[in-house]
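No value in this document is a laboratory result; all are computed from the given coordinates. Keep in mind that this is a model prediction, so the values were computed, not measured. Reconstructed Cβ throughout: ideal geometry from the backbone, glycine too, with neighbour counts over all protein chains shown.
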Amino acid sequence: MAKRDRTITIPLGFEEALSDLLKVKPPPKPEKQTGKTGKAREGDEAEGGEEAMIATLIAVSFWVGAVRALLDWRYVRKGGIPPTPAEKRYLKIALALSVATLPILSAIGAPQPTTARAMILAVAVTLNVWTIRRAAIRRATSSRGLSKT
């Protein structure tokens with residue numbers, strides 16, 4: 001009987017993407033182009049500001065979801081209605097799909113910062129949808145008289 005070859009093949013492009021992930025370099029700052037008057041053009045500052053605004057919104061959304069999840073955890077700990085096993089399973093599936101956006105977009109060839117932002121945004125949206133659903137459950141059962149301590 002012949003020995004089986006047990007080598008692992010890495011998909012094309014994945015090795016470069018992995019090496020790019022390990023050595024993170026800040027993007028070069030573009031020089032502002034000036035017009036005839038010597039002043040910077042108006043659109044130059046908007047591009048960098050827009051990226052910063054999107055990153056800030058994603059971060060705020062993620063942290064709001066995390067705070068809401070903490071409030072739900074405290075609610076359940078004080079005797080509130082816990083999530084059903086089906087709800088937990090749906091959350092795990094949604095989070096797994098959200099995290100799966102990183103290798104999928106990397107395999108397609110999207111730039112690394114874009115794929116990371118997409119993954120964080122997907123996780124933040126999933127977390128916020130979950131916490132909004134749990135907040136509706138907390139409001140619907142708030143008349144049960146849970147202890148305030």
Unique residue being within 26 Å of residue 51 (Cβ to Cβ), of a type outside the set (Asp, Glu) and outside any helix (DSSP H, G or I) when the list is 122, 110:
110
Checklist (1) touching a residue at least 60 places away in the same chain (Cβ under 8 Å); (2) part of a helix (DSSP H, G or I) applied to residue 81, failing item
(2)
Could you run through the stretch 107-126 and say how many residues are farther than 20 Å from residue 58 by Cα and either of a type in the set (S, T, N, Q) or touching a residue at least 24 places away in the same chain (Cβ under 8 Å) (or both)?
2
Filter the stretch 114-143 down to the residues that are buried (at least 16 other Cβ atoms within 10 Å of the Cβ), hydroxyl-bearing (Ser, Thr, Tyr) and over 15 Å from residue 94 (Cβ atoms) and list them by number.
115
